[in-house]
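S.K.: Below you'll find the structure I mean.
What follows draws every value from the coordinates through simple rules; no lab data is involved. Quantities reported herein were computed from a predicted structural model and do not represent experimental measurements. Here Cβ is always computed from backbone atoms with ideal geometry, including for glycine, and neighbour counts include all displayed protein chains.
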Amino acid sequence: MNNNEQPGTQFHQSGYNHEQMNPYEPELGTPQNHASNDDSVAKTGTTTVGITTDDGVVVGTDRRASLGGRFVSNKNVVKVEQIHPTAVLTLVGSVGGAQSFIRTLRSEASLYEQRRGEAMSISALATLAGNFARGGPFFGIFPILGGVDDDGSHVYSVDSAGGVMKDDYTVTGSGMQLAHGALEGEWSSDLSMSEAETLAARAINAATERDTGSGNGLVIASVTDEDVDISEYDSVNAVLE
């Protein structure tokens, strides 16, 4: 590092310089790089929402993948996947990093269940996700983990530095400010699962109206203490109507 470089602005993994990343690498949306003065929201994109209810968790995402935030490379990406009998994780970040992160967590959760004869608690799964994000080669991820266990419904956001934050609802991605605005005024602790699905759709819709990195429909994951149901919609209106 020379005297003109700022600490924390580069990440080296097996000779790979993160500052020299190809701007046209496929992305599902990466978090803002706070060590840079660049407006990264204009270069990346996605919107993912997680909402807790007394009966379970609802996670919603858009379906757009982009190349550097400039070109829509795929309109049918399912950005939420089941990683545990009663938990899901959203894909936020470079495609390779996000997919590898999901495969790693799913494998560890399955291995735990095989060894212990019971599913891992959601809080333990969140801790594991944070540890992997901090110590593993998963570039630019910022997923939402949502799940249900004996202690109730849980939603966590996991940042690329390994930070894990639990909340009643959360949003990640470049459309987060717009989606948060839709959630703040309508969320309540007594939402039903159906109402939470509608609210998630409204939040995603608000983001896609102005955020160029989000769009092309909706994916809704409904998680209860019994199972996980993931549904795709070509239009947000299919849920709102």
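S.K.: Taking only C-alpha pairs under 8 Å that are 6+ residues apart, what is the relative contact order of the stretch 152-241 in percent?
M.R.: RCO, the stretch 152-241: 21 percent.
S.K.: Next question, about the same structure. With r as the distance between the Cβ atoms of Lys166 and Phe71 and R0 = 30 Å, compute the FRET efficiency 1/(1 + (r/R0)^6) and round to 0.05.
M.R.: 0.25
S.K.: Using a 7 Å offset from the Cα along the Cα-to-Cβ direction at both Ser189 and Glu113, what is the distance between the two label points in nm, to one decimal?
M.R.: Distance between label points: 3.1 nm.
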